[in-house]
Amino acid sequence: MKGRIAVLGGDGIGPEVVAEGVRVLEAVASRHGHVFELEALPFGGVAIDAFGDGLPEHTLEGCVAADGVLLGAIGGPKWGPDAPVRPEPALLRLRAELGVYANLRPIAVQQALRDASPIKPEYLDGVDLLFVRELTGGIYFGRKWREGARAFDECAYSVSEIERITRVAGRLAASRRGKITQVDKSNVLETSRLWRTVSERVIRTEFPGVKIEHMFVDAAAMHLIRRPRDFDVILTENLFGDILTDEGAMLAGSLGVLPSAALGEGRRGLYEPIHGSAPDIAGLGIANPCGTILSAALLLRHSLGLESEARAIEAAVAKALSRGARTADIAANGAKSLSTREMGDAVLAALD
Ligand code: IPM
Ligand code: MG
């Protein structure tokens, strides 16, 4: 098949990890007789430096025209909170323009990495959870303003925004263990009370086989560590999802191994590792490319419908890890670790 993929390396370690994702995509294309047209486009801080805009018009056009977008990471100290133009709003704009309101962040503990997690291994057996994070609403997208010595961030959610993301969670839960934990702060926030009633109604009326429970976000942060295997699908709003997914990533041992997919109504999606641009190690060639490689697998699955190719990539990453391939973030103390490129080689070697 033919597929069009926009490739946004971004900032920091982004280009390094994306290069490995691209190598894996190219290997899959040549083995399975597909043609992937890959188009590299400037995005984030590098685009601000070159064009004065983190999301230049031609980058947005390329993303809109693509079947899927593979993104590394954006941001860095050069474009910090006081910079006149920052990269983060470009990412939010890209998500909004692509209409990718459903952010899937699966957290599965790779058997080979049980010891890399700071959590005791006995808590990790059977952990297989999926965050469904609302991605284009809430406090991220509300009005922001200052008045004198005060600053404001508005948080708004509409019934339809909650309904559509709940349906995504419902469909996914139905194909998994049939359980949704909807996370909010409804003991304090009005938007959270709306989330609770709307998600409850949608699941009860449209997904009879799925159970939904509700949990306050502070309790969820605790239970995620205390009894992670009890969770199946965690459905939550934009900000809580951002925070809880970094916490949840620690179950898997490292932010570096986790992929994500952002999807909307059609097949087009935005795929990125959940880690950031890690400016402290940028350019050293030691970042873990697994999160990006697994994001490329999600792209094949969700945007191109190539399920067996996606599985082949996932199996190759698991195999490389079980053979002992480790980048610095997941290597045991003092053990030898691979470079980003060598980890990519290990995954390629494990691809059958
Ligand atoms: C993420 C990131 C982004 C977010 C930042 C870079 C804007 O933390 O994808 O989790 O908060 O959504
Ligand atoms: Mg985040």
(request) Give a residue-ordered list of calculated ³J(HN,Hα) values for the stretch 287-295 (Karplus: 6.51 cos²θ - 1.76 cosθ + 1.60, θ = phi - 60°; whole Hz; x for Gly, Pro). (result) 5, 7, x, 4, x, 6, 4, 5, 5
(request) List the residues of the stretch 306-322 whose backbone N lies under 20 Å from a point placed 7 Å from the Cα of ALA349 along the Cα-to-Cβ direction. (result) 312-322
(message) Given axes a ≥ b ≥ c from the Cα gyration tensor, I'd like to know whether the stretch 179-273 is rounded (a/c under 1.5), prolate (a/b larger than b/c) or oblate.
(response) oblate
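If you place +1 on the Cβ of every Lys and Arg and -1 on the Cβ of every Asp and Glu, how big does the dipole about the Cα centre of the stretch 120-252 come out, in debye to the nearest 20?
Using only the charged Cβ atoms, the result is roughly 240 debye.
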(request) Note down the magnitude of the dipole of the chain about its Cα centre, charges +1 on Lys and Arg C-beta and -1 on Asp and Glu C-beta and zero elsewhere, to the nearest 20 debye. (result) 880
(request) Within 10 Å, count the other beta carbons around each residue, average over each peptide in 49-60, 29-40, 86-97, 233-244, and list them highest first. (result) 233-244, 86-97, 49-60, 29-40
(request) Starting from the stretch 245-352, pick out the GluC sites (Glu not before Pro) whose DSSP state is loop and whose Cβ has at most 12 other Cβ atoms within 10 Å. (result) GLU265
(request) Please work out whether the chain counts as rounded, prolate or oblate from its C-alpha gyration tensor, where a ≥ b ≥ c are the square roots of the eigenvalues and a/c under 1.5 means rounded, while otherwise a/b larger than b/c means prolate and anything else oblate? (result) rounded
(request) Specify the inter-centroid distance of the stretch 201-241 and the stretch 128-168, based on alpha-carbon positions, in whole Å. (result) 17
(message) Quick check: from the Cα gyration tensor, does the stretch 14-61 come out rounded (a/c under 1.5), prolate or oblate?
(response) oblate
(request) For GLU39, list long-range residues whose amide hydrogen, built 1.01 Å from N in the peptide plane, is under 5 Å from its own amide hydrogen. (result) ILE5, ALA6, VAL7
(message) For a quick check: sort TRP145, TRP195 by the number of other beta carbons within 10 angstrom, fewest at the front.
(response) TRP145, TRP195
(message) Which order do the peptides 289-298, 201-210 come out in when sorted by mean C-beta neighbours inside 10 angstrom, highest first?
(response) 289-298, 201-210
(request) Taking the dipole about the Cα centre of the stretch 120-252, with the C-beta of Lys and Arg at +1 and of Asp and Glu at -1, give me whichever of THR181, ILE243, ALA219 is farthest to the positive side. (result) THR181
(message) Positive end of the dipole of the stretch 1-156, charges at C-beta (+1 Lys, Arg; -1 Asp, Glu), about the Cα centre: which of GLY72, LEU25, SER117 has its Cα farthest in that direction?
(response) SER117
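Calculated from DSSP H runs of 4 or more alone, at -39500 (n - 2.57) each and per residue, what is the 222 nm mean residue ellipticity of the chain, nearest 500?
The helix-only estimate for the chain comes to -12500 deg cm²/dmol at 222 nm.
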(message) Taking the Cα centre as origin and putting +1 on Lys and Arg beta-carbons and -1 on Asp and Glu beta-carbons, what dipole magnitude results for the stretch 61-192, to the nearest 20 debye?
(response) 100
(message) For a quick size check, give me the Cα extents of the stretch 120-252 along its three principal axes, largest first, whole Å.
(response) 52, 38, 23
(request) Just order 321-327, 126-132 by mean Cβ neighbour count inside 10 Å, highest at the front, would you? (result) 126-132, 321-327
(message) Once you compute Rg and the Kirkwood Rh from C-alpha atoms, what is the Rg to Rh ratio for the stretch 1-120?
(response) 1.03
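Where a number appears in this text, it was derived from the coordinates with a stated rule and is not lab data. Everything numeric in this text was worked out from a predicted model, so none of it was measured. Using ideal geometry, Cβ is built from the backbone for each residue, glycine included, and neighbour counts are taken over all protein chains shown.
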